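Written out below as structure tokens is the structure these notes cover.
The values are calculated or read from the model by the stated rules, or taken from the named source; none is laboratory data. Predicted model, so just to flag it, every value in this text is computed and none were measured. Here Cβ is always computed from backbone atoms with ideal geometry, including for glycine, and neighbour counts include all displayed protein chains. Side chains are part of the model used for accessible areas, which takes the heavy atoms of the whole protein and leaves out ligands, DNA and RNA. Shrake-Rupley method; radii C 1.70, N 1.55, O 1.52, S 1.80 Å.
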Amino acid sequence: MPDVQALVNDFVNLLKKRIEGSQATAKQTAVLLRSVISQQRVPHTNQATVLINAVRAVGEQIIDVNPIELAVGNIVRRVLHIIREEDLSLVTDAVAGFGMFAGSDDEDDVERDDYPALSAASVAAAARSTSRPPSLQTLLEDVTDSAVVPPTPSSGGDSEGISRTLEKGSSGRKLKHDVIEAVNELIQDITSCHEQIAEQAVEHIHQNEVILTLGSSKTVLEFLCAAKEKKRSFKVVVAEGAPRYQGQVLAKELAARGIQTTVIADSATFAMISQVNMVIVGAHAVMANGGVIAPIGLHMVALAAQRHAVPFVVLAGSHKLCPLYPHNPQVLLTELRSPSELLDFGEFSDLMDSATGSGSLHVVNPAFDYVPPNLVSLFITDTGGHNPSYMYRLIADYYSADDLVVKQRPTTGS
């Protein structure tokens, strides 16, 4: 089995070559982190801290490779949250187990008193410790050890039975195993997100509607095709998505599946929007405030939709939900693509001096737009439909506050 650093290096090379699509990026990130956790040796105590530090160290490396690909950071933070949640679950089970033991009606009161129960303060700490599970584990270590190992030698089967009971509560469940299982579930959720979103299509697309979209999105394609399979009859207007013209690719796929499709130039959006019942688009990322990082041109489409009171619906898998805000310094709202997508270097070479930057013609080719939340009518995720004002609460369920900044500041010695 290759070592962790070799796996990280291979993934970094893939990121540099630009993995196509946020779903594929998120899935491969989760697979990498699963391997990191699987190969990480954990001690008997402070297992959560060890796993968190290992995932965080890898996360720092891969997030910096391509900051605009927010799905990488999202999955790193999701996995960190999983570790904290699974650790808290183990601790809570241990607290409940000790509580049952302390409150049992066993006739042998003397023997029962040999095993200390957790105090009310410990139970309260377990209830409020989501953000600091390692400290809870430390809190329970001494109690667990003293409970599992009887203070006085005993030859009877009672102590063995008590030991086995406690092992079933806290020691029997392995944090590492539970985390890997939870990450497997995350990978499955990422894989099936298109299907989960597409199942909701018939609730939002009605008979004889005209739908506008821009560019190409697999989520949008599956959503529209799912409505078609449910015998919905509708038309789609596709803005071509210059300069890469991915909308033409989407239009071809829709037409091949029997959906009536019209292709328009991006600049014709305002002219066509009055004939449209709904705008349905994909997203590159959804921010904590409900704002959307989306393919270039979608801000213009959102403005046109608002001007004509047309619902603007965004489809996004949960792996695209980002706990950061647009103003956070680690958020890169756009990137600049090659000028060759706009102009032929050969034809304009005499006006462009790329080496010195002294030419009279400059080309700027941004890849993404930012759409503010007030322009979005509805988000449809794999968990259902949500208003923009609710997104911050939905995102909070997936992440821990301690993990919003993955890269920790170096500690300085005194």
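Things worth noting here:
- Estimated FRET transfer efficiency when R0 is 41 angstrom, pair ASP350-GLU253 (beta carbons, to 0.05): 0.55
- Per residue, segment 205-403 exposes 46 Å² of solvent-accessible protein surface, assessed with a 1.4 angstrom probe and all protein chains in place.
- 5 angstrom amide H check on ASP369, placed H, neighbours 5+ away: ALA294, ILE296, GLY297, LEU298
- In order along segment 42-47, the Karplus-derived 3J(HN,Hα) couplings, from 6.51 cos²θ - 1.76 cosθ + 1.60 at θ = phi - 60°, round to 10, x, 5, 10, 6, 5 Hz, and Gly and Pro are given as x.
- Accessible carbon and sulfur surface of segment 9-48 relative to its total accessible area, %, 1.4 Å: 44
- Per-residue ³J(HN,Hα) for segment 277-287, Karplus 6.51 cos²θ - 1.76 cosθ + 1.60, θ = phi - 60°, Hz, x for Gly and Pro: 8, 7, 10, 10, 9, x, 9, 7, 6, 10, 7
- HIS299 - accessible surface, heavy atoms, 1.4 Å probe, Å² rounded to 10: 60
- Working value for segment 197-298: equivalent-ellipsoid semi-axes of 20, 17, 13 Å, each the square root of 5 times a Cα gyration tensor eigenvalue, largest first.
- Less than 5 angstrom separates the built amide H of GLU209 from those of LYS235, all sequence-distant by 5 or more or on a different chain.
- Cross-link pairs exceeding 27 Å in C-alpha to C-alpha distance, out of LYS17/LYS176; LYS16/LYS228; LYS228/LYS252; LYS16/LYS176; LYS16/LYS407; LYS218/LYS407, comprise LYS17/LYS176; LYS16/LYS228; LYS16/LYS176; LYS218/LYS407.
- The fraction of accessible area contributed by carbon and sulfur in segment 205-403 is 52 percent, rounded to a whole number (1.4 Å probe; ligands and nucleic acids excluded).
- Cβ-based net charge around SER35, under 15 Å, with every Lys or Arg adding one and every Asp or Glu removing one: +1
- When nucleic acids and ligands are ignored and a 1.4 Å probe is applied, TYR392 ends up with an accessible area of around 130 Å².
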